[in-house]
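Below: one structure, written as structure tokens.
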Amino acid sequence: MNPYALSILLSSLAVGTLTTLSSSHWFLAWVGLEINTMAMIPLMTKMHHPRSTESATKYFLTQATASALILFSTITNAWATGEWTITTMNDNTSTFMLTIALAIKLGIAPFHLWLPDVMQGLNLTTCLILATWQKLAPMSLMIMTNHQLNTNMLITMAVLSTVIGGWGGLNQTQIRKMMAYSSIAHLGWMTLVLSFSPNLTTLNLMIYLMLTSSMFLMMKTLNSTNINKLSMSWLKAPLLASSMMITLMALGGLPPTSGFLPKWLILQEMTKQHLGTVSTLMAMSALLSLFFYLRLSYAISLTTTPNTSNSNMTWRMTHSQMQILPTMITLTTMMLPITPTLLAMLN
């Protein structure tokens, strides 16, 4: 892609998200979401492949439906209450429609079916943007309106997301689809605690962004998109492959990695709210996700071919965009000791 066109599209992505993050009026927030969607579609179609065209079409249709529903819900709310401010969604019908629209935008179950198919047709860089940056604007709207959303509906969607996110990733061989189901499961954890502690949702979002970014950057460095390619990564870059194993354990939520932190705090909050059954269901569904992360770790470390590889060992990172990777890996593994500091910052 032309560097000038690429810079315009990336700037538009940044402007769209920042517009939504900084707005207090529904119309301006909707404009930001639209700019975001319009900038994302050319990035998806730059591969000139039927799969990428299919992904862009599916993405456009789902995001257009969600945007129309957001606009309809806000107009209905303005009609009923006379208010366009984001924090004053007082009409029940409008709030219900807004929750569904934001769930479609994010890919929360049961509105998740577009996400794995769309991510499978994209290259790893565009997948990284879709799984991280594109979650910021809709999730910020959910956090801003958390006190008006239906708690029972959010809990139901959260449990569905974690179960489907774990179950759907079990039989996958493509890592991009696995990361899509991982995203659905993590969004379930964020949605669960949204009504009770928005600060924990923000913390979970930050840690999810770090873990997913480091995972996609490592996949891009190793050029691995399926399990067969991943099994050769130890021969190419042993240190990076072992770092990927730790990142996968963090995504699964194993202590003492950073991924354990949000799950622990969310389960603690749910127990305080006397939601023991929901907490048990969430903890058990996290084991489903952990299984396919362990499967990937097994493929990296224990399925290396016995013969020598003809490829040179990539002992030096040549990509300038990979310079941030060591920092991301460190944060992935070592944030648990600074839990009190993080909680104090959020509160």
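Residue-by-condition table, conditions (1) at pLDDT 95 or above; (2) out of contact with any helix residue (DSSP H, G or I) (no Cβ under 7 Å at 6 or more places or on another chain); (3) more than 24 Å from GLY16 (Cα to Cα):
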position	(1), (2), (3)
THR151	no, yes, yes
THR156	yes, yes, yes
VAL159	yes, no, yes
ASN171	no, yes, yes
LEU203	no, no, no
LEU217	no, no, no
LEU222	no, no, yes
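Would a scan of the stretch 213-223 turn up a residue that is within 20 Å of LEU302 (Cβ to Cβ), open to solvent by 50 Å² or more (accessible area, probe 1.4 Å) and not hydroxyl-bearing (Ser, Thr, Tyr)?
no
Pairs please, first residue from the stretch 326-337 and in contact (Cβ under 8 Å) with a residue 40 or more places away in the chain and closer than 12 Å to PRO255 by Cβ, second anywhere and crowded, with 17+ Cβ neighbours inside 10 Å and among the polar types (S, T, N, Q), Cβ atoms under 6 Å, 6+ apart in sequence or on different chains.
Listed pairs, sorted by first residue: THR333/THR257; MET335/SER258.
Does the stretch 43-86 hold any residues that are under 29 Å from MET1 (Cβ atoms), open to solvent by less than 60 Å² (accessible area, probe 1.4 Å) and β-branched (Val, Ile, Thr), and which are they?
Within the stretch 43-86, THR45, THR62 qualify.
Of the conditions (1) open to solvent by 40 Å² or more (accessible area, probe 1.4 Å); (2) of a type in the set (D, E, K, R); (3) in contact (Cβ under 8 Å) with a residue 60 or more places away in the chain, LYS229 fails just one. Which one is it?
Of the numbered conditions (1) open to solvent by 40 Å² or more (accessible area, probe 1.4 Å); (2) of a type in the set (D, E, K, R); (3) in contact (Cβ under 8 Å) with a residue 60 or more places away in the chain, the odd one out for LYS229 is (3).
Which condition breaks for MET40 when tested against (1) over 24 Å from LEU124 (Cα atoms); (2) open to solvent by less than 10 Å² (accessible area, probe 1.4 Å); (3) of a type in the set (A, V, I, L, M, F, W, C)?
Against the list (1) over 24 Å from LEU124 (Cα atoms); (2) open to solvent by less than 10 Å² (accessible area, probe 1.4 Å); (3) of a type in the set (A, V, I, L, M, F, W, C), MET40 comes up short only on (1).
Please go through the stretch 238-270 and pick out each residue that is open to solvent by 40 Å² or more (accessible area, probe 1.4 Å) and either of a type in the set (Ser, Thr, Tyr) or outside any helix (DSSP H, G or I) (or both).
Passing the criteria: LEU254, PRO255, PRO256.
What pairs come out if I take residues in the stretch 259-272 that are among the aromatic types (Phe, Trp, Tyr) and pair them with residues that are surrounded by fewer than 14 Cβ atoms within 10 Å (Cβ to Cβ) whose C-beta lies under 9 Å away, six or more apart or interchain?
So the pair list comes out as TRP264/PRO255.
Give the residue, chosen from LEU122, LEU102, LEU136, that is open to solvent by less than 10 Å² (accessible area, probe 1.4 Å), under 19 Å from LEU209 (Cβ atoms) and either modelled with pLDDT of 95 or more or of a type in the set (D, E, K, R) (or both).
LEU102
Taking LEU115, is it in a loop (DSSP other than H, G, I, E, B), open to solvent by less than 20 Å² (accessible area, probe 1.4 Å) and within 27 Å of LEU9 (Cβ to Cβ)?
Numbers: in a loop (DSSP other than H, G, I, E, B): no; open to solvent by less than 20 Å² (accessible area, probe 1.4 Å): yes; within 27 Å of LEU9 (Cβ to Cβ): yes.
Criteria not met by LEU115.
Among (1) over 22 Å from HIS186 (Cα atoms); (2) open to solvent by 30 Å² or more (accessible area, probe 1.4 Å); (3) of a type outside the set (Gly, Ala, Ser); (4) modelled with pLDDT of 80 or more, which single condition is ILE338 missing?
(1)
Do you know which residues across the stretch 186-203 are open to solvent by less than 10 Å² (accessible area, probe 1.4 Å), more than 21 Å from THR341 (Cβ to Cβ) and in a loop (DSSP other than H, G, I, E, B)?
The one that is open to solvent by less than 10 Å² (accessible area, probe 1.4 Å), more than 21 Å from THR341 (Cβ to Cβ) and in a loop (DSSP other than H, G, I, E, B): LEU194.
What is the residue count in the stretch 147-185 for residues that are crowded, with 18+ Cβ neighbours inside 10 Å and either farther than 27 Å from TYR293 by Cβ or among the hydroxyl-bearing types (Ser, Thr, Tyr) (or both)?
Looking only at that region, the number is 7.
List pairs: first in the stretch 279-295 and assigned by the TED database to the domain that holds MET190, second open to solvent by less than 20 Å² (accessible area, probe 1.4 Å) and of a type in the set (Phe, Trp, Tyr), Cβ under 9 Å, 6+ apart or cross-chain?
Listed by first residue and then by second, the contacts come to MET282/TRP189; ALA286/TRP189.
The values are calculated or read from the model by the stated rules, or taken from the named source; none is laboratory data. Bear in mind that the values here come from a model prediction, so they are computed numbers and not experimental data. Glycine gets a Cβ as well: all are built from the backbone with ideal geometry, and neighbour counts include every protein chain shown. Note: accessible area is taken over every heavy atom of the protein model, side chains too, but ligands, DNA and RNA are not part of it. Shrake-Rupley method; radii C 1.70, N 1.55, O 1.52, S 1.80 Å.
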